[in-house]
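Have a look at the structure below before the remarks.
The values are calculated or read from the model by the stated rules, or taken from the named source; none is laboratory data. This is a predicted model, so every value here is computed, not measured. All Cβ positions, glycine included, derive from the backbone under ideal geometry; neighbour counts span all protein chains shown. Just so you know, the surface numbers come from the protein's heavy atoms only, side chains and all, with ligands and any DNA or RNA stripped out. Shrake-Rupley method; radii C 1.70, N 1.55, O 1.52, S 1.80 Å.
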Amino acid sequence: MKPRRVVGLSRGYEEMDGANVPRPPGNTGVGATATASSTGSTGAEPNGDRNGAAGGTMLTAAGAGAPEFELASVSVVPDDTYTVTQAVNALGFGWFQVKLSLCVGLCWMADSMEMTILSVLGPALHCDWGITRYQQALVTTVVFLGMMLSSTFWGHLSDRYGRKPALTLCGVLLFLYGLLSSVAPSFGWLLLLRGLVGFAIGCVPQSVTLYAEFLPTKQRAKCVVLLDCFWALGACFEVALALAVTPNLGWRWLLGLSAAPLFIFAIITPWLPESARYHVTSGQSDKALNTLEQIAKDNRRPMLLGRLVVEGPSGSRGSFKALLGSSLRRTTLLLWFIWMSCAFCYYGLVLMSTELFGGKNKTIVDGGAEEAAMIDCQPLATTDYMDLLWTTLAEFPGIFATIYVIERFGRKKTMALQFLFYAGCVLMITVTEVRVFLTIILFMARGVIAGLFQAAYVYTPEVYPTALRSVGVGGCSALARLGAMATPYIAQVLFQSSIWSAVSVYGIFAACASVACMLLPYETRGADLAH
């Protein structure tokens, strides 16, 4: 009986021509469920009973002791083995990924709220405590300092103990420090607590790593980019919350209420699944198999036959030095600069938006620095919050445009074009002072840079192997925080003395980052997660 190739399956997957084949003695279970998986296939659910045989019908001869037969029209994997990548692709996208999307999305939303509040907190503290411009910038910088110092720590923790325990600890700490920030008795205490908030936020990128490792190849880019919807939702919710709370109750209530999503995320983290890839590479194949069986059950797909194997060599797992090895050095250095520029440009635009809108209400007076700070205080008006809300809403069209472009033109070209478009938008800020046109310019720039940030989140987990994926994303996140630490001194301090100088800095960084994107050695569109 000659094997024939099944159309649509990758090489190595074969189907035997149908025949009645005796079943092994003692095997009285339900007919075998078979499926085929490949790195480019999402699998297909057989028709009929999901618990019955796939592609064949069990025939039992009459009479006791008669041998049992079944049609052998099954797909087999060479050596009866399969990897996590093959299993995830075969089991496809379903209810399991939908639940995971909601959990990770909530984490993303909470992170967005903690970041967006920085653009509102500075002006509020300026009015309440009379802090200077440099102190406002310091409130933002200390958060990103904590994030930068902790990113590598969370990466190592995730690679050693798993993504799930790290995210659970992250949720608890974020809620605790966020709530304590609302009762800070002095500026020094507030700086310390916001720094600890930043330390906890450093773990959030690991949620993207966990999410990407459960996504089939065909849906991975779209789903990771769609996470930005939760980020945009959190940013919009924070601006609306600030509009409702700050004028009447003050910034302390705003900080306290903003910690609510963190409390919800901390509660649901015990139900997060652990990464099957982490379990396999750490020698816990039985746990990985249980997770894959849960995916099959939730997605109503048949489980693969065969033995689960490691996808590649697991040596030097989680080694930060490996990121700068000969094969990854160029990629790592370019990604570090791209991520740093991404954060520098994104958070710079967020802070500049508040300065552009809020600055219209302020009148500078002569006198000492502290006296000028107190008299200069004018809280953000309702129109200012509304304009901030409009520019924040730009992230939604930016996300959907990125979904289309990133699959059509690839990751590298998409990021390069977005950086150039952003540079053009920020330079246009100096052309007009008309509020409507200014809002439109900021709207376009915010949409582009939001999509760009998420495109970087798509590319980075794809280009690093499983053993280095968490520490790779963590390292990029650390360099991104370095850019975010510097941006308040451009967007809040330099911007007050020279708008042209400030926007020129952002334009130059964006142009250089565009070149760096094109110099990346690998394009990962349509590729499986690296092994």
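Structure notes:
- Listed by first and then second residue, the pairs with beta-carbon distance under 9 Å, at least 6 apart or on different chains, first residue in segment 413-432 and closer than 20 Å to residue 518 by Cβ, second basic (Lys, Arg) and surrounded by fewer than 24 Cβ atoms within 10 Å (Cβ to Cβ), are 414/408.
- Of all residues in segment 69-99 being modelled with pLDDT of 85 or more and farther than 24 Å from residue 309 by Cα, the one that is surrounded by the most Cβ atoms within 10 Å (Cβ to Cβ): 99
- Leading residue by the ranking (nearest to residue 297 (Cα to Cα)) among those in segment 237-260 that are among the small types (Gly, Ala, Ser) and assigned to a helix (DSSP H, G or I): 260
- Residue in segment 515-530 that is modelled with pLDDT of 85 or more and in contact with a Cys (Cβ under 8 Å, 6 or more places away or on another chain) present: no
- From the list 442, 438, the one residue that fits, being surrounded by 24 or more Cβ atoms within 10 Å (Cβ to Cβ), of a type outside the set (Phe, Trp, Tyr) and over 26 Å from residue 335 (Cβ atoms), is 442.
- Qualifying residues in segment 192-207 (those that are aliphatic (A, V, I, L, M) and part of a helix (DSSP H, G or I)) - the one surrounded by the most Cβ atoms within 10 Å (Cβ to Cβ): 201
- Restricting segment 152-173 to residues that are in contact with a Ser or Thr (Cβ under 6 Å, 6 or more places away or on another chain) and within 21 Å of residue 260 (Cβ to Cβ), the residue that is surrounded by the most Cβ atoms within 10 Å (Cβ to Cβ): 171
- Residues considered: 176, 215, 210, 149. Of these, the only one that is touching a helix residue (DSSP H, G or I) at 6+ places or on another chain (Cβ under 8 Å) and open to solvent by 10 Å² or more (accessible area, probe 1.4 Å) is 149.
- Every residue from segment 399-422 that is open to solvent by 10 Å² or more (accessible area, probe 1.4 Å) and within 21 Å of residue 509 (Cα to Cα): 412, 413, 417, 418, 420, 421
- Of the residues examined, residue 433 is one that is among the charged types (D, E, K, R) and open to solvent by 10 Å² or more (accessible area, probe 1.4 Å).
- Cβ separations smaller than 9 Å between residues 6+ apart or across chains give the following pairs from segment 175-200 residues that are farther than 12 Å from residue 259 by Cβ to residues that are of a type in the set (S, T, N, Q) and crowded, with 18+ Cβ neighbours inside 10 Å: 189/181; 190/181; 194/140; 194/181; 196/181; 198/150; 199/150.
- Some residue of segment 462-478 being closer than 19 Å to residue 352 by Cα and out of contact with any Ser or Thr (no Cβ under 7 Å at 6 or more places or on another chain): no
- Yes/no for residue 263 being of a type in the set (Phe, Trp, Tyr) and assigned to a helix (DSSP H, G or I): yes
- Of the candidates 389, 308, the single residue that is open to solvent by less than 60 Å² (accessible area, probe 1.4 Å), among the hydrophobic types (A, V, I, L, M, F, W, C) and at pLDDT below 80 is 308.
- Of the residues in segment 466-485, not one is assigned to a loop (DSSP other than H, G, I, E, B), open to solvent by 10 Å² or more (accessible area, probe 1.4 Å) and among the hydroxyl-bearing types (Ser, Thr, Tyr).
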